[in-house]
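Written below as structure tokens is the structure these notes are about.
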Amino acid sequence: MSSFLVSTKKYSYADFLPFFLGPVKISLAKESEKNIKRSQKYLLHNLKENRSIYGVNTGLGNLSQVIIDSDDIEKLQINLVRSHASGIGEPLSLGVVRTVIFLKLLTFAKGYSGVSLELVKKIIQLFNKDVLPVIPKRGSVGASGDLAPLGHMALVLIGEGEVFFKGKRLKTALALERTKIKPLSLKPKEGLSLINGTQVSTAIAIKTLLDGKNLLFSADIAGAVSVENSF
């Protein structure tokens, strides 16, 4: 089984091939742990100073001038995830889902998202148990990225939605019970950080590149065999 390190290292699309062949193992680099801790510490400091942070202690869009009460900050993050998990249609392939999750972790590893180390470790724990969210192929919201599909990815962390586990599609709560994994309570900004981004679009692009490479390779072989057969 292949293993990958969640770090600030740059990856080529070709590096993601193992994600489409089956389960892989991932771990978090020490440097990335420090980046994540520093980022969350900075976020919490600014909240303590009562500074307005969009989507964290304010509303969103036209409600950006509305200040969210400190008691409701974590509730806002949960509601963000639930409200955006509105996709429909057949689910994305497991290879794409694995790639989506790893790409999201690579984003967090840079240390600019404000999420907790607990959240990142929970994602890795689920990933390594191959508990993968059911992400519908169709649907998104606005221009902030892949909000709807990433909403479905994030639902799993709070024990909601559906997952694929051991070849079966089932409720997340049941899969967590079987793997003895506890769901999370989202902290400030975590819902926003989970649903914002283009990891789904990027994962689909990676799959397209890998498939295209196979097609070109197959075309070369077919052409070569055809030439040899003509003599």
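With a 1.4 Å probe and all protein chains kept in place, how do Leu21, Leu92 rank by accessible area, largest first? Intermediate results must be reported in sequence, preceding the final value.
Values: Leu21 135, Leu92 20 Å².
Final ranking, largest accessible area leading: Leu21, Leu92.
Could you give the distance between the Cα centres of region 116-136 and region 141-188, to the whole Å?
Here the answer is 8 Å between Cα centres.
Indicate, rounded to the nearest 5 percent, the antiparallel portion of the DSSP beta bridges found entirely in the chain.
On the way: 9 of 14 bridges.
Looking only at bridges with both residues in the chain, the antiparallel portion is about 65 percent.
Rolling a 1.4 angstrom probe over the protein chains, ignoring ligands and nucleic acids, what is the accessible area of Val227 in square angstrom, nearest 10?
Near enough 80 Å² of accessible area.
My understanding is that a pair violates if its Cα-Cα distance is over 24 Å; which of Lys34/Lys187; Lys41/Lys121; Lys9/Lys104; Lys168/Lys189 do that in this structure? Show your work: numbers first, answer last.
Numbers: Lys34/Lys187 18 Å; Lys41/Lys121 17 Å; Lys9/Lys104 14 Å; Lys168/Lys189 32 Å.
Going by Cα-Cα distance, Lys168/Lys189 fall outside the 24 Å limit.
Let me know the charge dipole size of region 1-97 about its Cα centre in debye, to the nearest 20, where only the beta-carbon of Lys, Arg (+1) and Asp, Glu (-1) is charged.
My answer is approximately 460 debye.
Take every Cα pair under 8 Å in the chain that's 6+ residues apart, average their separations, divide by the length, and report that relative contact order as a whole percent.
Working: 354 pairs, mean separation 54.9, N = 231.
Relative contact order of the chain: 24 percent.
Report the Stokes-Einstein translational diffusion coefficient (µm² s⁻¹, integer) for region 175-231, Rh taken as the Kirkwood radius over Cα pairs, at 20 °C with viscosity 1.002 mPa s. List each step's numbers first, then the result.
Numbers: Rh = 16.1 Å.
Calculated translational D: 133 µm²/s.
Tally up the carbon and sulfur contribution to the accessible surface of region 10-156 as a whole percent, 1.4 Å probe, everything protein left in place. Working shown, then result.
Numbers: 3840 of 7380 Å².
Of all accessible area on region 10-156, carbon and sulfur atoms account for 52 percent.
Quick one: ranking Arg138, Arg98, Arg82 by accessible area, 1.4 Å probe, largest first, what do you get? Write out the running numbers ahead of the final one.
Working: Arg138 165, Arg98 15, Arg82 120 Å².
So the residues, ranked largest to smallest area, are Arg138, Arg82, Arg98.
With viscosity set to 0.890 mPa s at 25 °C, what whole-number translational diffusion coefficient in µm²/s follows for region 25-173 from Stokes-Einstein and a Kirkwood radius over Cα pairs? Mind showing how you got there, number by number?
Working: Rh = 16.4 Å.
Result for D is 149 µm²/s.
Given +1 on the Cβ of Lys and Arg, -1 on the Cβ of Asp and Glu, and no further charges, what dipole in debye does region 75-138 carry about its Cα centre, rounded to the nearest 20?
Details: 10 positive and 3 negative charges, 22 e Å.
That gives a dipole near 100 debye.
From the phi angles alone, apply the Karplus equation (6.51, -1.76, 1.60; θ = phi - 60°) to region 210-224 and give each ³J(HN,Hα) in whole Hz, x where the residue is Gly or Pro.
5, 5, x, 4, 5, 5, 5, 4, 5, 5, 4, 5, 4, x, 5
Residue separation times 0.36 nm, minus the C-alpha to C-alpha distance between Arg169 and Lys37: what's the value?
44.1 nm
Sum up the charges of everything whose Cβ sits under 12 Å from the Cβ of Leu132, counting Lys and Arg as +1 and Asp and Glu as -1, but leave Leu132 out. Let's see the in-between values first.
Working: positive: Arg98, Lys129, Lys166, Lys168, Arg169; negative: Asp130, Glu162.
Within the 12 Å Cβ shell, the charges total +3.
Work out, step by step, the length gained on full extension between Ala29 and Thr179: first 0.36 nm times the residue separation, then minus their alpha carbon distance; give nm to one decimal. Provide the component values of the computation, followed by the final result.
Details: separation 150, 0.36 × 150 = 54.00 nm, distance 2.44 nm.
Computed gain between Ala29 and Thr179 is 51.6 nm.
Can you sort Lys166, Lys110, Lys137, Lys104 by solvent-accessible area, 1.4 Å probe, largest first?
On the way: Lys166 170, Lys110 100, Lys137 130, Lys104 0 Å².
Largest accessible area first, the list is Lys166, Lys137, Lys110, Lys104.
The values are calculated or read from the model by the stated rules, or taken from the named source; none is laboratory data. Just so it is clear, the structure is predicted and the values come from calculations on it, not from any experiment. Note that we place each Cβ from the backbone using ideal geometry, even for glycine, and neighbour counts take in every protein chain shown. Areas reflect the complete protein model, heavy atoms only, side chains present, ligands, DNA and RNA absent. Shrake-Rupley method; radii C 1.70, N 1.55, O 1.52, S 1.80 Å.
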